[in-house]
1. Could you pull out the residue among Lys247, Lys198, Lys186 that is of a type in the set (D, E, K, R) and either touching a Phe, Trp or Tyr at 6+ places or on another chain (Cβ under 6 Å) or more than 26 Å from Leu330 (Cβ to Cβ) (or both)?
2. From the list Ile279, Ile261, pick out the single residue that is assigned by TED's automatic domain parsing to the domain that holds Arg332 and under 25 Å from Leu398 (Cβ atoms).
3. Among residues belonging to region 343-364 that are touching an Asp or Glu at 6+ places or on another chain (Cβ under 7 Å) and modelled with pLDDT of 90 or more, point out the one that is farthest from Ala249 (Cα to Cα).
4. Considering each of Gln335, Gln352, Gln345 in turn, give the residue that is loosely packed, with under 14 Cβ neighbours inside 10 Å and without any contact (Cβ under 8 Å) to a residue 60 or more places away in the chain.
5. Scan region 285-297 and give yes if some residue there is of a type in the set (S, T, N, Q), modelled with pLDDT under 90, exposed (fewer than 14 other Cβ atoms within 10 Å of the Cβ) and under 30 Å from Asp424 (Cβ atoms), otherwise no.
6. Looking only at region 181-213, which residues are farther than 19 Å from Asn56 by Cα and polar (S, T, N, Q)?
7. Restricting attention to region 43-70, and to residues there that are in contact with a Lys or Arg (Cβ under 8 Å, 6 or more places away or on another chain), hydrophobic (A, V, I, L, M, F, W, C) and at pLDDT 90 or above, which single residue is nearest to Glu92 (Cα to Cα)?
8. Of the residues Lys329, Lys324, only one is more than 22 Å from Asp410 (Cα to Cα), at pLDDT below 90 and in contact with a helix residue (DSSP H, G or I) (Cβ under 8 Å, 6 or more places away or on another chain); which?
Amino acid sequence: MATKRKNIASKYNSKEIIEKPVLIPDTGKVPPHSKELEEAVLAAIMIEKGAIDRVNLRSDDFYHPQNQIIFTIIERLRDEKKPIDLLTVVEELNKASSLDKAGGAVYIAEISGKVASAAHVEHHAAIIKQKAVARKIIAHSYGVIERAFDDSEDVKDVIEHMEKGFTQIRSGSETAHYINAQAAIKRTLNYLVDIQDKKQKGETVAIPTGLNNLDIAFNGGWTAPDLVIIGGRPSMGKTQFALHFAKTAASHKKHCLFISIEMTVEQLIMRILTEDERIHLHDMKSGQLDKEQWKAIDEKTVDIMNSTLYIADHPNIRNLTEIKANARKLHREGQLDMLIIDYLQLIKTNMQFGTRDLEIGYITGELKNLAKELSIPVILLAQLNRPPKGMRVQLPVLSDLRESGNIEQDADKVIFPHRPSYYDPNEVDKYGRSWKNRGVLIIGKDREGVKDNVIHFSHDDRFKKIWDEKPSAANGYNQQEFEPDDNFNPF
């Protein structure tokens, strides 16, 4: 084997190129790396079929430039389903006019003899990955320090730059802003395989909404990286729906961060507690809880304490940079699957815009980017415009959203909760049924579904519990056939 390698090296007669490691500025220290392990991994991949599929590495995880080039060629061979060995790697490098840059055939022949098998390739690759991450941390930290010394920089911008950089390092996100078609297909297939594997293992693919008919409409529930707008007029139940969605996610072991700009933690928890019919808000707030109510609270709080729900209500949380920083922190800790914000019009940016419409557009754009960056669904509550004075309330539509143009543009889904009985307790639907303790969720926009779909829900007298309404022929209509029309409008 050694003779064969020498013959190959002799055939190409290329000079070995060994790049000197680049020093980190101002320290004189060599960045973390291991040339020996890099060569051992490349050798293992070239001598054993399938070894490339056992490592989770990218070309920029290799420190030495020639090793980066070699691994790039190996990835190309794998993607083209060609054999990966000493001969094919050298040939492909030669075709790409990169053989000399990769150290020449002599260097490749030498590293191919570094190991006898691929038995330890996963362990070696993990160490290479660790050192690559360490280098990125060092590089990003120097960039943060440099910006922190710059008096022209706003410290909040520096903090956001720091948070975003460390989040990207942790998630291993690509630094390039584009990928080729082959890479796009590969990512898509991996995504589909991952979904299939989760389904077969009985794991939750999407995050359930807690309403079966809404799950059906959204192909299983909330999915990343959707920006979902829940728009409603006052007292339509936006916050209660948001709590319902958050609790459902937590009940399925999904980590949910609830950003509450308007309400305090105590107010939100009391809302959850009063779902129990034995507990009354008036008694809690007036200090008149009896023994039975305290017992019910004890039972209810056990479930809340064991949930994966996080709540942020600090006064500074209304600032967009604070919202993003909190989300990124939890995500880096592996504790964030969904973000809910209550509500859009209360978010501040501390930036100067010509109009509030432009600021709202900036906020929704940044939150959509955050959903993509963290690969999570973001649910954003929003107020609707009030109807002109003297006019009756109509069914909500997209144009009712305050600063609607930008919101509609960035949103993947828009949902309008609507309860006709709030405006007229005697109102009935077109089948003559009372709207008491009933309502609808109107899907005003869905990039991947049917627009203007309507989901029926039921609720208790205090509007603390929400559940599916189950239409049947017995009560005069079918869920799938029901759509909003002139007869639906109770006014």
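1. Details: Lys247 fails: either touching a Phe, Trp or Tyr at 6+ places or on another chain (Cβ under 6 Å) or more than 26 Å from Leu330 (Cβ to Cβ) (or both); Lys198 fails: either touching a Phe, Trp or Tyr at 6+ places or on another chain (Cβ under 6 Å) or more than 26 Å from Leu330 (Cβ to Cβ) (or both).
The conditions single out Lys186.
2. Working: Ile279 fails: under 25 Å from Leu398 (Cβ atoms).
Ile261 is the lone residue from the list that is assigned by TED's automatic domain parsing to the domain that holds Arg332 and under 25 Å from Leu398 (Cβ atoms).
3. This residue is Leu346.
4. Numbers: Gln335 fails: without any contact (Cβ under 8 Å) to a residue 60 or more places away in the chain; Gln345 fails: loosely packed, with under 14 Cβ neighbours inside 10 Å.
Answer to the selection: Gln352.
5. From region 285-297, those of a type in the set (S, T, N, Q) are 286, 288, 293; that's our starting set.
Right, trim to modelled with pLDDT under 90 and you get 286, 288, 293.
Filter once more, keeping what is exposed (fewer than 14 other Cβ atoms within 10 Å of the Cβ): 286, 288.
When the remaining residues are screened for being under 30 Å from Asp424 (Cβ atoms), the result is none.
Scanning region 285-297 turns up no residue that is of a type in the set (S, T, N, Q), modelled with pLDDT under 90, exposed (fewer than 14 other Cβ atoms within 10 Å of the Cβ) and under 30 Å from Asp424 (Cβ atoms).
6. Hits for region 181-213 are Gln196, Gln200, Thr204, Thr209, Asn212, Asn213.
7. It comes out as Ile69.
8. Details: Lys324 fails: more than 22 Å from Asp410 (Cα to Cα).
On inspection, the qualifying residue turns out to be Lys329.
The values are calculated or read from the model by the stated rules, or taken from the named source; none is laboratory data. In this text, all values refer to a predicted model and were calculated from it rather than measured experimentally. Neighbour counts are summed over all protein chains in view; Cβ atoms, including those assigned to glycine, are modelled from backbone coordinates with ideal geometry.
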